[in-house]
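FYI, it's all coordinate maths here, none of it is from the lab. Note that the structure is predicted; figures quoted are calculated from it, not measured. All Cβ positions, even for glycine, are placed from backbone atoms using ideal geometry, and neighbour counts span all protein chains on display.
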Amino acid sequence: MLKEPFLQFDFILGVKRLVFVESMGSSESASSSAAASPQEGAENADANADILVEITKSEGSAALNAARQEAAKLRAAGGGKLQDESQAMFDKLSTQGSGGVAQVVDPAHSNRHMQNVLQNAMEITEEMEKDNPNLNAAVAETAAIWHDVGRAEDPKEHESLGALLAHNEALRMGFSLETATKMFNAIVHHKWSDEPKTLEGHIVRDADKLDFLDGERWRKRVEGKKYDELKYVTGILLNLRDRLKLEASKKIFDKRLPAFLDFIETVEDEGFEPYKKQIMTTFGRSPK
Amino acid sequence: MTTKAQDPKSLNRLYNEEIDKFEARLDKFEAAFNRRCEEIRTESHLKLDALPKSDRIGRGRVLTEEKKELDQVLRELKMAIKNSGHEMRKTIERIQTQIDGVAADVENELGTL
């Protein structure tokens, strides 16, 4: 949106420059010029004195505008993560949310998973904030911490249960209904087969699924000989990139995949071999 | 979880205040710059008025001097913006480091739970 006025500004400045350069030339070589009368030459000089000032003021104004735009960008970057009650909610819920998840016995959804999802959500929001001024980073990040809290009660329905718990907890702490609703929407649809209705919801869902690239979680499954689970997560991993909704998430996937494959290559377990082979082949690596 | 000095809202306020200060300085630079440009314009017109209309070489020289002065004023403005911007960035980078520290503390605390 800013481009057009700036182009127009450059154009006007360019035309003014041309007018000035041409008339300066005629003034300085005026003694040999028969084209302009003394009267015309005097008027040109008066006009050029004004044009010079206007050009300089325009250039000064452009420099000031550039500095102001930089300030506005910095303000937006700084305000995105630390503003209004959403940030306060992040501070309050972050410890309590982890307390809830800590009760969960399922090792695949431990504190480590919660921290990974938070880290993923932070990376995605950082990538997306500049182009999405309405994105509420604090809600996305708080929801990332709370997204599995419902597992403590009911793993099968944990998405809606967790969303409700987070919603009610936010209200209980005195946050507005609007903020509590945003939290609810960011958590309720994070199931793989579901479709979030908000940007924060998509961030939480993608951040959650990106944790399939955490080698440590795979190692635990292999050590626990959980081959059915390994079969299931391998199936998800093979199509993971295509099913991530956000481009920022796909970028993170691409960045992390090589290290993940390096890790998988090091895993030696007979029962895991078929899945290892499948993963390596799908992502273009020859199994060693 | 965080000390008062590290309170995210206080850091956020400091961050924004630094940008406010920078913008206020830009306003001052702009006012001074425009005032100086107008003074140069007035000086040039006075010089031109003092010359006979037929003295084209003299008039050309007035414009050349005016251009030199305006270029100097513009250079000074750009230098002032650059220095002031540098000062602001340095300060807000320091604040940002503190903000990142608070975020890291939150993560560490979560890790110990």
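By the count of other C-beta atoms within 10 Å, a proxy for reagent exposure, B:Glu93, A:Glu273, B:Glu76 are ordered fewest to most as B:Glu93, A:Glu273, B:Glu76.
Other residues lying with their Cβ under 11 Å from the Cβ of A:Ser249 contribute a combined charge of +3, Lys and Arg counting +1, Asp and Glu -1. Look at where the Cα atoms of the stretch A:195-229 and of the stretch B:9-66 average out, and the two centres are 60 Å apart. Whole-Hz Karplus values for the stretch B:45-61 come out as 5, 5, 5, 5, 5, 7, 9, x, 4, 7, 7, 5, 5, x, 5, x, 5 Hz, taken residue by residue from phi with 6.51 cos²θ - 1.76 cosθ + 1.60 and θ = phi - 60°; glycine and proline positions read x.
Each residue of the stretch A:138-155 was assigned a 3J(HN,Hα) from its phi angle through the Karplus expression (A = 6.51, B = -1.76, C = 1.60, θ = phi - 60°), giving 5, 5, 4, 6, 5, 5, 4, 5, 8, 4, 9, 4, x, 4, 4, 9, 7, x Hz with x at Gly and Pro. Take each residue of peptide B:28-39, count the partner chain Cβ atoms within 10 Å of its Cβ, and average: the result is 3.
What is the local net charge at B:Glu38, summed over the other residues whose Cβ is closer than 14 Å to its Cβ (Lys, Arg +1; Asp, Glu -1)?
With Lys, Arg at +1 and Asp, Glu at -1, the neighbours total -3.
Peptide B:81-92 has a mean shielding of 2, counted as Cβ atoms of other protein chains within 10 Å of each residue's Cβ. Model label points for B:His45 and A:Lys245, set 7 angstrom from Cα along the Cα-to-Cβ axis, are 6.2 nm apart.
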